[in-house]
Amino acid sequence: MAPRDATALALDPENALRSEAQALNAQYGELDTPKLLETALHRLYPGKVALVSSFGAESAVLLHLFSEVDASAPVLFVDTRKLFGETLRYRETLVARFGLTGVRTITPDADELAEADPQGALWLKDPDRCCHLRKVLPLDRALDGFDAWMTGRKRFQSSTRSKLELFEVADGRIKINPLANWSVEDLKDYAARLDLPPHPLVAQGFPSIGCMPCTDKVAPARMRAPDAGAAPTRWNAAFICPRMGAKSTEAGSDP
């Protein structure tokens, strides 16, 4: 397990975690992705780290790399109950293809939905609350008991991610970004070499895929490889990702 100062954690947990992330970046920041995954899963946080995956447009690469190291390790998938059917079927395709046995499907609390969104239309009048209810709270609960979590975020995706570290701190635990320094071409080359199945909606003009109400197609001209850290966005004009904010350049928190 990653070394931790129990006293420092008790006195100032956030600062102690930041120090831990800095030390991890200094020691492991030059590892290639397979070795980084092996180190995180088997040495730093054995049994205490999970991959959070949306099974979206760019998810196959990290899920495959992850499965090559430990196909039984936990993978958390938040089904908001507003996802495309294509995403749910794609999840099953990748689970079977990669032999993933640790996938946990996380759903919103039924009682909370019944109280706050009985008609399933909360996204129309309060998208912030809808996202919090259907995505943020379920994921927070699912991460309880884990010391660290992994995402598929990458530096090229937006200007706010241009200096993304492999190890950072988020929500009281270490957050690991194994693909932080991968480029668009790296992803394409890996997927082509391994013949990884693409998300079916990508070919229909969706470069990034989330919940149906908040996802829209992107014009063909913007489907090119992003440059200068500006990624094509999936959010439509009316329903920008509520968790990240209407003016944010972020496109979600998972791959």
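Only one of Leu133, Leu139, Leu124 is part of a helix (DSSP H, G or I) and either of a type in the set (D, E, K, R) or open to solvent by 30 Å² or more (accessible area, probe 1.4 Å) (or both). Can you tell me which? Quick ask: steps written out before the conclusion?
Values: Leu133 fails: either of a type in the set (D, E, K, R) or open to solvent by 30 Å² or more (accessible area, probe 1.4 Å) (or both); Leu139 fails: either of a type in the set (D, E, K, R) or open to solvent by 30 Å² or more (accessible area, probe 1.4 Å) (or both).
The conditions single out Leu124.
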So how many residues does region 66-81 have that are open to solvent by 10 Å² or more (accessible area, probe 1.4 Å) and not in a loop (DSSP other than H, G, I, E, B)?
5
All but one of (1) outside any loop (DSSP other than H, G, I, E, B); (2) exposed (fewer than 13 other Cβ atoms within 10 Å of the Cβ) hold for Val169; state the number of the condition that does not hold.
(2)
Can you report the number of residues in region 24-52 which are part of a loop (DSSP other than H, G, I, E, B) and either over 20 Å from Phe146 (Cα atoms) or not charged (D, E, K, R) (or both)?
7
Between a residue in region 117-136 that is among the aromatic types (Phe, Trp, Tyr) and any residue that is at pLDDT 95 or above and crowded, with 18+ Cβ neighbours inside 10 Å, which pairs come within a Cβ distance under 6 Å, given they are 6 or more apart or on different chains?
Trp123/Cys130
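The values are calculated or read from the model by the stated rules, or taken from the named source; none is laboratory data. No experiment lies behind these values; they were computed from the predicted model shown. Don't worry about glycine lacking a Cβ; one is built from the backbone with ideal geometry, like all the others, and counts go over all protein chains shown. For the accessible areas, the whole protein counts, side chains as well, though only heavy atoms, and no ligand, DNA or RNA atoms are used. Shrake-Rupley method; radii C 1.70, N 1.55, O 1.52, S 1.80 Å.
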